[in-house]
Structures are given as C-alpha cells and as structure tokens.
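Heads up, the thing below is written out as structure tokens.
The values are calculated or read from the model by the stated rules, or taken from the named source; none is laboratory data. The model shown is predicted, which means the values in this text are computed figures rather than measured ones. Reconstructed Cβ throughout: ideal geometry from the backbone, glycine too, with neighbour counts over all protein chains shown. Each accessible area value is taken on the protein alone, full model and side chains, heavy atoms only, with ligands, DNA and RNA left out. Shrake-Rupley method; radii C 1.70, N 1.55, O 1.52, S 1.80 Å.
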Amino acid sequence: MSSVVRFGVSLENDLLDNFDRLIKLQKYTNRSEAIRDLIRQELLRQAQEEDRDVAGVITYIYDHHQRDLLNKIIEVQHDHQDIIQSSQHIHIDNHNCLEIVAVKGNSGVVAILTNTLKALKGVKHGSASISSIGNAK
Ligand code: NI
C-alpha cells in the first residue's frame with residue numbers, strides 16, 4: 001500500500017458548508033474520505049474521456065489589463081493551432097474580454113488546452129462545452 005500524505009486545503013466558508021452537507025448526505029464519515037473519492041472519480045472521468053475525437057467550444061472571460069495575459073493567451077492558442085478551428089473575441093466592458101474558441105481534435109489535448117487557459121492568472125470563468133464525435137480509439 002502506498003504511503004499516505006497529508007496536505008492542507010483552503011476553502012471559503014460557504015463552499016465548506018456546502019461540502020459538509022454533501023458528505024453528510026452521502027454518508028461519508030470524514031472529509032478526507034469524501035475528497036479521496038472525488039479525486040478518484042475525477043481521475044476516472046478524465047481517463048474515460050481520453051483518446052476520443054471531440055468538437056466544441058472553450059469560453060473564458062479575462063481581464064485584459066492583467067500583465068502579460070494577452071501574450072500568454074496568444075502563445076497558448078498558437079501552441080494548439082492544430083485543434084483550434086476559430087476564435088472570437090468580444091469586448092465585454094472596460095476590463096473584461098470574452099473569448100470563444102472552437103476546437104476539434106483529441107479529447108486529451110482539448111482538455112489540456114482548456115485547463116491551460118483556465119489556469120492563466122487573470123482568466124476567470126473558463127469552461128468547455130465539448131461533444132464526442134467519434135469512438136474511443
Ligand atoms: Ni477585448
């Protein structure tokens with residue numbers, strides 16, 4: 001059996017209250033057990049999604065005043081030009097821009113692109129709406 005590692009998690013009060021309600025409903029005896037199951041479920045979901053042909057859109061809102069963010073977004077998009085079909089930029093207000101990126105390709109690569117964009121500092125509310133267009137390889 002692999003050794004157990006302890007790590008701290010910081011959560012907003014509201015989110016923790018909701019999480020505690022959820023784990024009570026699902027009869028978990030403690031938070032660690034619930035978090036372990038959530039991680040396992042997500043890993044399984046990701047594994048099942050790998051190696052499929054998918055198409056869809058990635059959308060995200062970002063503050064274009066965030067230092068270097070525009071350059072980073074453009075760099076990430078160029079790194080994934082093989083799966084990006086088109087992108088649309090909408091100026092929301094003085095700070096915020098909305099971008100819609102249409103993608104087609106391998107689900108694992110689409111997931112990496114989505115997560116990379118969402119993780120950039122200054123990007124908020126990133127999400128992906130992706131449909132499978134082929135069978136698992
Ligand atoms: Ni803009």
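One table, with the values for the structure above:
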| quantity | calculated |
| --- | --- |
| The lone exception for residue 115 - which of (1) open to solvent by 60 Å² or more (accessible area, probe 1.4 Å); (2) over 24 Å from residue 52 (Cβ atoms) it fails | (2) |
| Count of residues meeting criterion [among the hydrophobic types (A, V, I, L, M, F, W, C) and within 16 Å of the ligand (Cβ to nearest atom)] in segment 81-95 | 2 |
| Yes/no for residue 108 being in a helix (DSSP H, G or I) and either open to solvent by less than 60 Å² (accessible area, probe 1.4 Å) or over 29 Å from residue 17 (Cα atoms) (or both) | yes |
| Output for segment 18-57, where each listed residue is touching a helix residue (DSSP H, G or I) at 6+ places or on another chain (Cβ under 8 Å), basic (Lys, Arg) and at pLDDT 90 or above | 31 |
| Every residue from segment 68-105 that is over 25 Å from residue 45 (Cβ atoms), in contact (Cβ under 8 Å) with a residue 40 or more places away in the chain and open to solvent by 30 Å² or more (accessible area, probe 1.4 Å) | 72 |
| Segment 9-39: number of residues that are assigned to a loop (DSSP other than H, G, I, E, B) and of a type in the set (A, V, I, L, M) | 2 |
